[in-house]
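The values are calculated or read from the model by the stated rules, or taken from the named source; none is laboratory data. Treat the numbers as computed from the prediction; the structure is a model and nothing was measured. FYI the Cβ positions are ideal-geometry reconstructions off the backbone, even for glycines, and counts take in every protein chain you see. The accessibility values were calculated without ligands, DNA or RNA, using every heavy atom of the protein model including side chains. Shrake-Rupley method; radii C 1.70, N 1.55, O 1.52, S 1.80 Å.
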Amino acid sequence: MKNKVLLPTRVPIYSTYHYQMIPGVVAGETTQMMNWYYNNCIMLSCIRDFLKKEGDFAVRVEVENTNRMDNPHFERIEYNLRFMKSHVHQVIKNMLNEGFYVDFNEIDDYYIQGKSWYGQRHFMHDGLICGYDDEDRTYSIMAYDSSWLCRLFKSPQRCLEEGMNSFVENGNYGIISAVKVIPFTEQLNLKKIKEKLKAYLCTQMDMFPLNEYWPDVFGIAVHQFIGIYLDMLYHGDIPYNKKDRRIFRLIWEHKKCMYERIKAIENALQQPGNISSQYLSVVQISDQIRFMYAKFFLKQDNEVLRIMRAKLLDMSDLEEKILKKLVDLLESGGY
């Protein structure tokens, strides 16, 4: 009888939100899965509710097809925890023993030692169990930890049961799902990528009036709306304590993935890496902005917001020019 299991783990290319991190960890970095990301995960979006100057002021920047349910190449077996009680531990270990990761949802972070809201806030949340160790009675969980870092950490097994039972009196029951990749084949689809890049580049600000809040903003125009968000933070229209912590990590992840996509395209076309080497500047600027915002999140300094906004819009202009070259390259190759 096994007394410990640990499945392979890494921080995936998209990990800003748990719903992105979970499929990314399960997927691994196989060529097939990365091709799926390159073919399908290009379009940026954000909401514009923050323009109302009320509510939670979130921007909710997202990338298409990075949700746990968007990828068709997973086997998923779901269990409602209503009647499972303490038996949940044996079910989880059975899943891990058979090579399935355990995706848990609607479990109270307040009780999960090591997790982002542990002991601070009752919050129905998710995460990924990647292993167990019966010697110290822990689970190995991939999630944002108490320092807001996405990483693998150990948490007592009893914590999961406590988090599972937290909202039962309100009629809310957690869910666990056994998840693993179904073997598949996916080639780099250059025609599909080209069409998605053209759709990403064709969006303009005037397509999304500032006095309207629906539909969501899409494409490269998202950068300009984030610039408006920074202006509103600067002028106090969005309170400092209501700022959205996640924006610039996702922008950085989007640029990193685009860089890897461009390199894959250049390899497929047997082209020198001229476009990818140019695009590396976009990745570097996005990383600079991410660090600046992380410092702003820890200590308010409104002057840095102006610098961030200028860098963001310069980055957007640079990205547009480079990606148009990439589209031209694909079209000249007959795609």
Legend entry - Ellipticity estimate at 222 nm from DSSP helix runs (n ≥ 4, -39,500 (n - 2.57)) divided over the chain, nearest 500: -14000 deg cm²/dmol
Inset, instruction - Run the dipole for the chain about the Cα centre, Lys and Arg Cβ at +1, Asp and Glu Cβ at -1, nothing else charged, and hand back the magnitude in debye, nearest 20. - result: 500 debye
Inset, instruction - Work out the charge dipole of the stretch 225-335 with +1 on the Cβ of Lys and Arg and -1 on the Cβ of Asp and Glu about the Cα centre, then indicate which of Ser332, Leu313, Ile289 is farthest towards its positive end. - result: Ile289
Inset, instruction - State, in angstrom, two size descriptors of the stretch 57-187 derived from its alpha carbons: Rg to one decimal place and Dmax to the nearest whole number. - result: 15.2, 49
Inset, instruction - Treating the angle as unsigned and between 0 and 90°, give the value, to the nearest 10°, between the Cα long axis of helix 274-298 and the longest Cα principal axis of the chain. - result: 60 degrees
Legend entry - Alpha-carbon radius of gyration plus Dmax, which is the widest Cα pair, for the stretch 69-120 in Å: 13.2, 36
Inset, instruction - Bin all alpha-carbon pair distances of the stretch 242-335 at 5 Å intervals from 0 and give each bin's fraction as a whole percent. - result: 2, 13, 22, 20, 14, 11, 8, 5, 3, 1, 0
Legend entry - Counting all C-alpha pairs of the stretch 157-203, share separated by more than 12 Å (%): 77 percent
Inset, instruction - Let me see the pair-distance distribution of the stretch 10-129: every alpha carbon pair, 5 Å bin width, integer percents in order. - result: 2, 9, 15, 18, 19, 16, 11, 7, 2, 1
Inset, instruction - Measure of size requested: the Rg and Dmax of the chain, with Cα atoms as the atom set and Å as the unit; please supply both. - result: 21.4, 63
Inset, instruction - Please give, to one decimal in nm, the separation of the simple spin-label points placed at Met124 and Glu212, each 7 Å out from Cα toward the Cβ. - result: 3.3 nm
Inset, instruction - With a Förster radius of 51 Å, plug the Cβ-Cβ distance of Asp328 and Glu98 into 1/(1 + (r/R0)^6) and report the FRET value to the nearest 0.05. - result: 0.55
Legend entry - Cα-Cα P(r), the stretch 146-299, percent of pairs per 5 Å interval: 1, 6, 10, 13, 13, 14, 14, 13, 10, 5, 1, 0, 0
Legend entry - Charged-residue dipole, Cβ positions (Lys, Arg, Asp, Glu), the stretch 77-149 about Cα centre, Debye nearest 20: 240 debye
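Tell me, what is the per residue accessible area of the chain in Å², probe radius 1.4 Å? Write out the running numbers ahead of the final one.
Working: 15680 Å² over 335 residues.
That works out to 47 Å² per residue.
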Inset, instruction - Provide, for q = 0.12, 0.13, 0.24 Å⁻¹, the log10 of I(q)/I(0) from a solvent-free Debye sum over equal Cα point scatterers in the stretch 1-54. - result: -0.45, -0.50, -0.99
Inset, instruction - Over the chain, with every protein chain in place, what whole percent of the accessible area is carbon and sulfur at 1.4 Å, could you tell me? - result: 49 percent
Legend entry - Volume per residue of the C-alpha convex hull in the stretch 132-225, rounded to whole Å³: 237 Å³
